[in-house]
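Chemist: Questions regarding the structure given below will be posed in turn.
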Amino acid sequence: MLDRAARQRLRTLSRDNAESVARHLVVAGLSLDSDPESAYLHAKAAQRRAGRVDVVREAVALTAYATGRYAEALREVRTVRRLSGVDAHRAIEADCERGLGRPERALALTSAPEVAQLPRADQVELAIVASGARLDLGEPEAALLALDSPVVSAVTDPDVRARIAEARAEVLEAMGRADEAAEVLQRAGVSRQAPEEQVVVIDLADEVAEEDVVHDAADEVVEEEVVVIDLANEVAEEDDVVHHVTDEVVEEEDSEA
């Protein structure tokens, strides 16, 4: 179910349209982690029906970000802020700038004066982004400092602390301090698994089915060519009939003359 606040934002739509948009938003939210591409498609479907509703554009922003469409996500985050008047996704906005290869712009967003007025959770997210941006610029010392702020140090949520530890370990590894990075991860209870080898599964049944589709399409083309040839023969036969009738008429006129 879509939460009550989000449903309130859909009240400007007709009832049928609002229900359809709500269904797309629910599916997008549920599949964001497991299937972000599907979530993005549902968000885009909702946008086609309700492009002026802020919660719809927010869904597009979040799913575009999750699928690496940073330019679109950046545009949508700013659209949401304009429609709602709420600066709720500044960390995503800054990270999109990083994703587009613009760490300086990311740092400008993370250090803006209004950041101090944001909730502490948002400030922590911005610190993580700022650390990554500093690392992008080849400034690992500054990247570590970004993670040593009082706001970051005060975090107690285990999941957020794990993400902070991963960011810190990444910086330490970039500085050649792999042992320290391993200790940081161990203290945070973060284990890194070796990437699994990619297994390519070939479904012969699907391939056969695809070949059948190709053959069917080819047969259709052949049938069309046959129809064209038959029509051409019909035209030729009609021409012969016309010429034959014309010759008879000419013979009759000559005999009358």
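Chemist: Hey, among Ala165, Ala154, Ala142, Ala169, which residue is in contact with a helix residue (DSSP H, G or I) (Cβ under 9 Å, 6 or more places away or on another chain), surrounded by fewer than 17 Cβ atoms within 10 Å (Cβ to Cβ) and over 30 Å from Gly85 (Cα atoms)?
Modeler: Checking each option against the conditions leaves just Ala142.
Chemist: Pick out the one residue from Arg102, Arg134 that is under 30 Å from the mean Cα position of the chain (by Cα), over 30 Å from Asp54 (Cα atoms), surrounded by 14 or more Cβ atoms within 10 Å (Cβ to Cβ) and modelled with pLDDT of 95 or more. Steps first, please.
Modeler: Values: Arg102 fails: over 30 Å from Asp54 (Cα atoms).
The conditions single out Arg134.
Chemist: Sticking with this one: Hey, can you tell me all the residues within the range 136-160 that are more than 18 Å from Arg98 (Cα to Cα) and of a type outside the set (A, V, I, L, M)?
Modeler: Answer for the range 136-160, where residues must be more than 18 Å from Arg98 (Cα to Cα) and of a type outside the set (A, V, I, L, M): Glu141, Asp148, Ser149, Pro150, Ser153, Thr156, Asp157, Pro158, Asp159.
Chemist: Find all pairs meeting these conditions: Cβ atoms under 9 angstrom apart; at least six residues apart or on different chains; first residue within the range 128-145 and among the polar types (S, T, N, Q); second residue surrounded by fewer than 23 Cβ atoms within 10 Å (Cβ to Cβ) and not in a helix (DSSP H, G or I).
Modeler: From residues that are among the polar types (S, T, N, Q), the pairs are Ser131/Leu147.
Chemist: How many residues does the range 84-94 hold that are farther than 14 Å from Thr63 by Cα and either modelled with pLDDT of 95 or more or crowded, with 24+ Cβ neighbours inside 10 Å (or both)?
Modeler: Taking the range 84-94 as the starting set, the residues that turn out to be farther than 14 Å from Thr63 by Cα are 84-88, 90-91, 94.
If we keep only those that are either modelled with pLDDT of 95 or more or crowded, with 24+ Cβ neighbours inside 10 Å (or both) too, we end up with 90-91, 94.
Going through the range 84-94 one residue at a time, the tally reaches 3.
Chemist: Shifting gears a bit: Please specify each residue of the range 60-119 satisfying the condition of being outside any helix (DSSP H, G or I), touching a Phe, Trp or Tyr at 6+ places or on another chain (Cβ under 8 Å) and of a type outside the set (S, T, N, Q).
Modeler: Result: Arg69, Leu100.
Chemist: Do you know which residues across the range 112-131 are among the polar types (S, T, N, Q) and at pLDDT below 95? Don't jump to the end; show me each part of the working.
Modeler: First pass over the range 112-131, keeping only residues among the polar types (S, T, N, Q): 117, 123, 131.
Passing the criteria: only Gln117.
Chemist: Out of Ala112, Ala116, Ala43, Ala108, report the one residue that is buried (at least 22 other Cβ atoms within 10 Å of the Cβ) and without any contact (Cβ under 8 Å) to a residue 40 or more places away in the chain.
Modeler: Ala43
Chemist: Here is a list: Arg9, Arg81, Arg57. Which entry is modelled with pLDDT under 95 and basic (Lys, Arg)?
Modeler: Details: Arg81 fails: modelled with pLDDT under 95; Arg57 fails: modelled with pLDDT under 95.
The match here is Arg9.
Chemist: Quick one: what pairs do we get from the range 11-34, first residue closer than 18 Å to Val60 by Cα, second of a type in the set (Ser, Thr, Tyr) and buried (at least 17 other Cβ atoms within 10 Å of the Cβ), C-beta under 7 Å, 6+ apart or different chains?
Modeler: Listed pairs, sorted by first residue: Ala28/Thr63; Leu32/Thr63.
Chemist: Which condition does Met1 not pass, out of (1) more than 21 Å from the chain's Cα centre (by Cα); (2) part of a helix (DSSP H, G or I); (3) among the hydrophobic types (A, V, I, L, M, F, W, C), if it passes all the others?
Modeler: Single failed check for Met1: (2).
The values are calculated or read from the model by the stated rules, or taken from the named source; none is laboratory data. Computed from a prediction, not measured in an experiment: that's the story for all the values here. FYI the Cβ positions are ideal-geometry reconstructions off the backbone, even for glycines, and counts take in every protein chain you see.
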